[in-house]
Every structure is written in C-alpha cells, then in structure tokens.
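The values are calculated or read from the model by the stated rules, or taken from the named source; none is laboratory data. Small disclaimer: the values here were computed from a predicted structure and weren't measured. Counting neighbours? That spans all protein chains shown, and the Cβs are built from the backbone with ideal geometry, glycine included. Surface accessibility is based on the protein's heavy atoms, side chains included, excluding ligands, DNA and RNA. Shrake-Rupley method; radii C 1.70, N 1.55, O 1.52, S 1.80 Å.
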Amino acid sequence: MESQSGECPFRVEDFSFPSPEVTKDPFPFYKALRSQSPVFRNPETGDFLVSRRKDIDFVLKNPEIFSNRNYLADPRMAGESRRYLDTPPPIPGDAIQTVFSLTMSDPPEHGIKRRALRSLVNPRYVRNCEETLERIANELIDVFIDRGEVELRKEFADPLALLTICELAGFPPEDRATFLSWNRIGTGHGRRFLTEEQLQAQDKDIPARDAYCEAIIKDRLDNPRDDFLTEVVHAQVARDGALNLPYLTAEIGLILTAGNETTSRLIANVMRLLIEHPDQLALLLADRALIPGAVDEALRFESPTQWTSRLALEDTEIDGMPIPKGSYVLMLFGSANRDESWGDPDVFRVDRKRGPDLMAFGGGIHRCLGFPIALAEGRIALSVLLDRLKNPRFASGHEADRENIDNFQKRVPKELHIEFDR
C-alpha cells in the first residue's frame, strides 16, 4: 500500500525480476518502477523494463525501431522453430520471407499475415462465437454441477476456450484431449529467463503440435470444407502460387494455442477476483448489465499477459533513457493497467467508469487480433457461471488459491478450486 504521504514505500532495488516474490505479487514492484525508474535497466539481464502507459505506447507505435523479431538476437526464444532460422523462403520471391507466426513478424510482412487471419474475427464469426459459447459453457457445467465443487481451470475455463476456437476455426472437437495435453506454460517472450529443464518442458510438445497442424493443413488443401482453416490454406496458395507449409504450420499453431490461452486465464481470474471481493460479486448479481465492465476490470486488475518484449533495431531512447541497439525492451502491461491514470488503480471495482484504453491485449499493429472473441467469451462465460453456480466460494483448504500463480509472464492460478450450493 502507498504511504499516507502518497509516496511509494517500496524501492526498486528491493526486488529481483523475475523472482518468486514478484511472480506472486508484481504490483509493489511495478509501483516502485513507475515512481522511481519508469524506464529501468535490469542489472541482472540488461533488459529495459518500461512501466508507464505513455512510454509503452511509444514502443508499441514505433515497430520500425522496436521489433517483434526477438529471435534475431536470441535464437533461444524461437524454441523448436529455431530450425527455421536459416531456412530460405519456401517460395522464392514470396512476400512471406520468414516462417514465424504473426506475433514474431514486422512490417511489411506482418500486415500480410494479419490480413490473412482477419476473417476469423469478422462479425459472422463473432456472432457464431456468442451462439456457440453459451451451449458449450452449459455442457461443461452439466458435468460437475451436481458435485457442488469444481477445479475451474481444468473443467471449465481451459476446455471452454479451446472448444470455442475449435468450433470457430474448424479444428475437430474430438481432438480436444490431445490439445489439452500439450504444454501451456508460456510463450517465446519469456524463454530467456527459463532454466534448461523448463525449456525442455516448454518444447516437448512442439514436434507433435507441428505434425498435427501439418496434417490439418494438407487435409484442408485436399479436402476443402466450409471453415476458417480451409479459407486460410487456400487463400495462401491462391496468393503465392504454391503451398507454404512451414509458414501455415506456425500460423495454425498460433491460432490453436495462443488463440485460447488469454481467454482461459481471463475466465479463471474474473471468478477468483469476484470470490475475493464478495461486495463486487453482489453488485454483479444484482445488475447483470455490469458484466461487460466486470470483464474489462478483471483484464485491467489482473492482466492475463503481464508483459511482452521488443528488440531495439537501432540506438534510441525512451523518455530520455538511452536504449542501445540490440537491447530487449519489456513492456509491463500489468503495470500500465494499474498506473496513476486510473483512479484508485489498486481497487477492484466492477462498476468502474471507463478510463484509459486497456493494454491487456497489447496495442499498436500487434494488438491481439482475436480480442473481440476473447471479450465475448469472457462476458458469456461469466454470465453462465453466475446463472448456474449459486454462492460460489473457494473450496475448503483452497482459500489461498492465488498463491499458486507460478508464471511470471502469464498471470493465472494453476488451479482454482471452488464450491457452490447445489
């Protein structure tokens, strides 16, 4: 908490990033950064941590300086995909010169890749999402409703997000168990901070996932269907004149994994926050019109993705701080969403009036393409949960479920055990 004088009682040098302490509760660290060193060079890694909204916005809006191709300076970040680093473009002269996914591309290539995926979030797909979500949510709840308890991540949040993207994009729902078995512990942005053991755990399922995506792509090429996957595959062939399998494999893998992880974390986080704040839960139960605002507030208060990174392509500066070429810049979205541009930023309030734009989905040209679907999923999932789970509360012995947050970039409890009246 802030001191009564309004000064931050924490010192930046009292923290280490990353560390178990900051992972469990990063917000004191963020507050210290904003007040004492808003563009901070981490002495342990050399990275620059950017904590204020205005400075993060500057990085996001200058992709010609701050690149998303983080692998250029650290191939370790590319994971198993590093085997593609020295691979020439599959189609000579093709506009797609790298086989990395949309999230690891810069203009002009980035724009081509983004346009290829944009149809997933056109109004027709979003309407289908809303119609599909309520059915899937109720089917999942039917399985555990009579027990009076549930581990919400495993039995609801994770499968709901995954089954929704499966139906929208055209992945076979019967493959759900395979998808859920794959590791979901993070993205390339945090790889440089992982131990060799953690890297092996993160990479172990990539060959199987890539093989699965390659099979799906080839099937849609030979056996077209009325689905998004078919549309993406055939559009790429029509545009480039031949199949670009490595590029499509990376992009389809992105849809299958990153396309559902943020939503899963959002659903788990909003339910945990409401149980921790019974006064806010009561407000929501009394006025369901507050549900969209509650989803926004959960994204602000506990940003599912706490930070992402960029690579400086040239010597530059941020708010007067010199940033040498080749440096990594970490944009702390979790800090921006709690900075002083919000009134009472450390208070969770479902009836909060709209403030600055949320950075939960990033910004600039890399703003999450699927955010309309994520918001719809969060809104409908929360509505169904409130309708069917009466008097939700932490299960006995699991009152401190927030303590099992163990990923310093992706903020969500590993497990969320709750009880409710039958």
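Points worth noting:
- Percent of Cα pairs exceeding the 18 Å cut-off, where the set is region 256-342: 59 percent
- Over the residues of the chain, the helix contribution to mean residue ellipticity at 222 nm works out to -13500 deg cm²/dmol, using -39500 (n - 2.57) for each DSSP H run of at least 4.
- Most to least accessible of K414, K61, K113 (protein chains only, probe 1.4 Å): K61, K414, K113
- Over all pairs of different C-alpha atoms, region 12-421 has a mean inverse distance whose reciprocal, the Kirkwood radius, equals 22.1 Å.
- Net charge of Cβ neighbours under 13 Å - reference S51; Lys, Arg +1; Asp, Glu -1: +1
- Each listed q (0.09, 0.13, 0.17 Å⁻¹) maps to a log10 I(q)/I(0) for region 294-422, found by the Debye formula over equal Cα scatterers with no solvent: -0.36, -0.71, -1.10.
- With at most 16 other Cβ atoms within 10 Å, longest stretch of the chain clear of loop GluC sites (Glu not before Pro) (DSSP): 65-313
- Distance from region 143-170 to region 298-358 (C-alpha centre basis), Å: 30 Å
- Note on the chain: Lys pairs 8 or more places apart or on different chains, Cα atoms under 20 Å apart, count 12.
- The orientation-averaged shadow of the Cα convex hull for region 193-283, equal to a quarter of the hull surface, comes to 9.9 nm².
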